[in-house]
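These notes are about the structure you will find just below.
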Amino acid sequence: MSFARPTPAGGDGTHDHWHGGNQNGNNGGSHHGWQHSGGGNHNSGSHSGSSSDGTCKSPTTRVEWTTLTQDQKNAYFEAELCLLAAPAQLQARIDGVVSRYDDLVGSHVKQGNIMGGVDLWHVTGQFLAAHRYYVHTHEYLLRNECGYTDPLPYWNEQPDAGSFATSETVLDFGGEGIEENDYAVVDGPFANLTRYLGPGTTNTAHLLTREGDPENSKLGNQTYVDAVMAETSFAAFQKLLFNTLHAAGHGGVGGDMVNPISSPDDPIFFMHHGYLDYVWWKWQGRNDTRIHDLEGAGNETQAEPATGYVPTSETTNLYMYDILPNITVGDVLDTQGGYLCYIYA
């Protein structure tokens, strides 16, 4: 099946930081980023498996990309292309957005550049919770604005560690970019896709790029997965995951994925962060202590506010620029807690 290129309509801690591209400019011309360094109305936007009383009685199941049929893969791509073609709705709040998909990218850029350039989502205690909410918001748009009905997929990167270039998932998403074309992706459903936000906080129209780094992707191999899963506290788990599995996906794919805050420009971003959410879900199990463990996770802000640091807690607010209502970290700690209602296969 071929995918027509849509014409966009319209036209707004305590972790070690990764050594990625410049947040405020380009990706540095290199794929060596992300290196290893050593509440509102909660019913609105709740998961489709949630009951009317806000409980999770019939959780949906998220599945690994390679288990989808070709028809299901096509349906996913069609829904993503729908978001890329639909007009933006946040022009008044986020500069440079052109498509509805850009609204989502822009919300990530904004969360990574609040308070004079302070990144709130990646070097604070809310890293995993914020991205769980972000992946959920993407799913909400796919289903409610573009009619997607199949399981939400993620990419299990561990078997592909060290060889992303031959990964079925990466190839399905168009493969790596072409060196002689500045690493622009020229195959697959996102071939020659113009991105309007990024790199970083700039709004420079450019083609979607991928410049893979096999060595960086090895940070997602079984040795690192085992080490992450062996951590017994959330603080240690999140920090090690951030600097290994998280870095592997971004640096291993490269190109637009390298930039810390504009990386959602590449639709494979959601496959990657779906995987990180899967790893967190697996680590949490159905253990109530682990589900609610935030001790030592990090502060709400990277820089210290005038009023002093505030540790991330279940009452820490999460924002999505009204794509969905504001919620709290506590709302997304349990994937079967009511606001969310899903499990992983």
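Identify all residues within the stretch 86-95 that are crowded, with 19+ Cβ neighbours inside 10 Å and of a type in the set (Gly, Ala, Ser); write none if there are none.
Within the stretch 86-95, 86, 88 qualify.
To keep it simple, each residue is scored yes or no on (1) within 25 Å of residue 104 (Cα to Cα); (2) buried (at least 22 other Cβ atoms within 10 Å of the Cβ).
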| position | (1), (2) |
| --- | --- |
| 162 | no, no |
| 165 | no, no |
| 170 | yes, yes |
| 175 | yes, no |
| 193 | yes, yes |
| 197 | yes, yes |
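Output the number of residues of the stretch 206-224 satisfying the condition of being touching a Leu at 6+ places or on another chain (Cβ under 9 Å) and in a loop (DSSP other than H, G, I, E, B).
Step one: list which residues in the stretch 206-224 are touching a Leu at 6+ places or on another chain (Cβ under 9 Å), which gives 207-208, 219-220, 224.
Add one more test, that the residue is in a loop (DSSP other than H, G, I, E, B), and what stays is 208.
Number satisfying all stated conditions: 1.
Here's a check for you: in the stretch 203-228, which residue that is within 20 Å of the chain's Cα centre (by Cα) and among the aliphatic types (A, V, I, L, M) is farthest from residue 161 (Cα to Cα)?
For the stretch 203-228, the residue satisfying everything is 207.
Name the pairs: first residue in the stretch 104-123 and under 20 Å from residue 298 (Cα atoms), second residue outside any loop (DSSP other than H, G, I, E, B) and modelled with pLDDT under 85, Cβ to Cβ under 8 Å, at least 6 apart or on different chains?
Qualifying pairs under 8 Å: 120/114.
Among the listed residues 189, 159, which satisfies the condition of being over 24 Å from residue 244 (Cβ atoms) and either in a helix (DSSP H, G or I) or in contact with a Phe, Trp or Tyr (Cβ under 6 Å, 6 or more places away or on another chain) (or both)? Working first, answer last.
Details: 159 fails: over 24 Å from residue 244 (Cβ atoms).
Within the list 189, 159, the selection yields 189.
Return the total of residues in the stretch 94-130 being basic (Lys, Arg) and modelled with pLDDT of 95 or more. Full working, then the answer.
Within the stretch 94-130, the subset basic (Lys, Arg) is 100, 110.
From what's left, modelled with pLDDT of 95 or more: 100.
Selection size over the stretch 94-130: 1.
Kindly indicate the residue of the stretch 53-72 that is surrounded by fewer than 19 Cβ atoms within 10 Å (Cβ to Cβ) and part of a helix (DSSP H, G or I) and also nearest to the chain's Cα centre (by Cα) among those meeting that condition.
The qualifying residue nearest to the chain's Cα centre (by Cα) is 66.
Where the second residue is among the acidic types (Asp, Glu) and the first is over 18 Å from residue 140 (Cβ atoms) and lies in the stretch 79-92, which pairs have Cβ atoms under 6 Å and are six or more apart or on separate chains?
Close Cβ pairs satisfying both conditions: 91/12; 92/12.
What pairs can you find where one residue is in the stretch 158-179 and more than 21 Å from residue 229 (Cβ to Cβ) and at pLDDT 95 or above, the other is β-branched (Val, Ile, Thr) and not in a helix (DSSP H, G or I), and their Cβ atoms are less than 6 Å apart, with a gap of 6+ or different chains?
Qualifying pairs under 6 Å: 173/268; 174/185; 177/185; 177/209; 178/186.
When the residues of the stretch 96-139 are filtered to those that are closer than 20 Å to residue 197 by Cα and of a type in the set (Ser, Thr, Tyr), which remaining residue is surrounded by the most Cβ atoms within 10 Å (Cβ to Cβ)?
Looking only at the stretch 96-139, we keep the residues that are closer than 20 Å to residue 197 by Cα, and these are 96-122, 131, 134-135, 137-138.
The next check asks that each one be of a type in the set (Ser, Thr, Tyr); those that pass are 99, 101, 107, 134, 137.
On the way: 99: 27, 101: 29, 107: 24, 134: 25, 137: 20.
Across the stretch 96-139, the extreme among qualifying residues is 101.
The values are calculated or read from the model by the stated rules, or taken from the named source; none is laboratory data. This structure is a prediction, so every number in the text was calculated from the model and none was measured. Virtual Cβ from ideal backbone geometry, glycine too; neighbours counted across all protein chains shown.
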